[in-house]
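The values are calculated or read from the model by the stated rules, or taken from the named source; none is laboratory data. Since we're looking at a predicted model, the values are computed, not measured. Glycine also receives a Cβ, built like all others from the backbone with ideal geometry; neighbour counts cover every protein chain displayed. These area figures cover heavy atoms from the full protein model, side chains too; ligands, DNA and RNA do not enter into them. Shrake-Rupley method; radii C 1.70, N 1.55, O 1.52, S 1.80 Å.
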Amino acid sequence: MKNILVTGGLGYIGSHTVIALQQAGFNVYIIDDLSNSQLEVWEKITAITGVQPIYYNIDLKDYNAVSVFFQSHKIDGIIHFAAYKAVGESVAKPLMYYRNNLLGLMNVLEAMEENQLDNFIFSSSCTVYGQADTMPINEMTPLKRPESPYGNTKKVGEEIIEDFIKITDKNAISLRYFNPVGSESKGLLGDLQIIPNNLMPYILQTAVGIRESLGVFGNDYETRDGTAVRDYIDVNDLADAHVKAIQRLLDGKNKSKLEFFNLGSGTGSTVLEIVTAFEQANNLKINYEIKPRRAGDIVQAYADYSFAKSELDWEPKTPLQISMQTAWKFQQQLDKVIE
Ligand code: UFG
């Protein structure tokens, strides 16, 4: 059995990836400092798969703690999610974002080297493309400076990995996600945003009555209905891509020491199309009002995932309707916990 370390394994995409890894027969170690996650997620993972992953509360900024972990465990591959991810907060606290996201990354890479470990998967984002000039976005699309410090930690993170890979014998894959949505089928795990940053948590909190209405940020973009276009990809599909990526490295099938893959559904949806999809999938109504454009928002982004299809043998499988239903299940599950 191969041992995979998942940093940030109690977070949204991380927890779904832990499940997918366990179901694929990997032994999973989780490191998470609970800065944006809850310990109950660990129990929920165990309830879903019947296997308890080994969990450590380690702050990746603490190199000594990271080093001790790696010295005492035999790790075959690392999937590095642990990072802050709120775009607006990163604008207000850029140094906190650079310190956390980049120092954590560098400490893990350093410990890999110190312990002669290989096989690193990086959790990146389509934000590295900024507002791309052409759609859909493939991996050859030129990168632009991301709009936010958060986004820039992903771009600089990729550059750090690239420079590190050049002077070592290590192999890495950077996975650039588009907009993750949905939850595992029981709705036990999801995107826990008490104060939402993203569209889906705003829709969910409006549906459940925590918010009176959803603000739709701008209806004067040059798109089908004037609202901005994004590529919404199911989190379970994203999780599967991580399993395929780590397996590719373990099997030595990667074609270069550092590879990049776009992970999206391949379909662009407007904000209003997502609202309608949510309403139809769950048979309810969402109050919304048109608000001014949100600073820093791009007009459109959607993926060309053909490289992931040909090289990783990955493609998105979950229809948007199912993602909307599992997301709603997750919100209802949360309310049960709060009651
Ligand atoms: N939106 C609304 N109302 C809301 C929230 C969002 O209309 O209450 C709109 C946004 O303006 C945007 C779309 O919904 O047009 C999606 O917004 P999100 O905040 O959900 O997602 P973004 O595409 O802005 O951000 C995502 C990731 C970031 C990443 C960024 C760029 O969440 O981590 O893509 O890749 F940096």
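Summed over the residues of the range 216-339 and divided among them, the accessible surface reaches 49 Å² per residue at a probe radius of 1.4 Å.
Of Val229, Val208, which has the most accessible area and how do the rest follow, probe 1.4 Å?
On the way: Val229 10, Val208 50 Å².
Per-residue accessible area, sorted high to low, gives Val208, Val229.
Averaging the Cα positions of each part gives two centres, and for the range 109-186 and the range 285-301 these lie 26 Å apart.
For the chain, the longest principal axis of the C-alpha atoms and the axis of helix 271-282 are separated by about 90°.
Would you work out if the range 201-339 is rounded, prolate or oblate? Take a ≥ b ≥ c from the square roots of the eigenvalues of the alpha-carbon gyration tensor; rounded if a/c is under 1.5, else prolate when a/b is larger than b/c, oblate otherwise. Verdict is oblate for the range 201-339. Projecting the Cα atoms of Ile160, Ala241, Leu263 onto the dipole axis of the range 141-279, where Lys and Arg carry +1 and Asp and Glu carry -1 at the beta carbon, places Ile160 farthest toward the positive end. Taking the helices alone, the chain has a mean residue ellipticity at 222 nm of -12500 deg cm²/dmol, built from -39,500 (n - 2.57) per DSSP H run of at least 4 residues and averaged over all its residues.
Looking at this model, which pairs from Lys244/Lys291; Lys93/Lys155; Lys2/Lys93 are more than 29 angstrom apart at the alpha-carbon?
Values: Lys244/Lys291 40 Å; Lys93/Lys155 18 Å; Lys2/Lys93 38 Å.
Lys244/Lys291; Lys2/Lys93, as the Cα separations exceed 29 Å there.
What FRET efficiency comes out for Arg294 versus Lys144 if R0 is 25 angstrom and r is the Cβ-Cβ distance? Round to the nearest 0.05. Please report the intermediate quantities before stating the final value.
On the way: r = 18 Å, r/R0 = 0.73.
So the FRET efficiency works out to roughly 0.85.
Taken about its Cα centre, the chain carries a charge dipole of roughly 80 debye when the Cβ of each Lys and Arg holds +1 and the Cβ of each Asp and Glu holds -1.
Here is the link list: Lys170/Lys329; Lys166/Lys317; Lys74/Lys253; Lys85/Lys166; Lys154/Lys255. Which ones come out longer than 32 Å on Cα distance? Checking Cα-Cα distances, Lys170/Lys329; Lys166/Lys317 exceed 32 Å. Helix 149-166 and the long axis of the chain differ in direction by around 30°, with both axes built from C-alpha atoms. For the range 1-42 versus the range 66-104, the spacing of their alpha-carbon centroids is 14 Å.
Using R0 = 30 Å, the C-beta based FRET efficiency linking Glu110 and Gln52 works out to 0.55. For the chain, the longest principal axis of the Cα atoms and the long axis of helix 40-49 meet at an angle of about 80 degrees.
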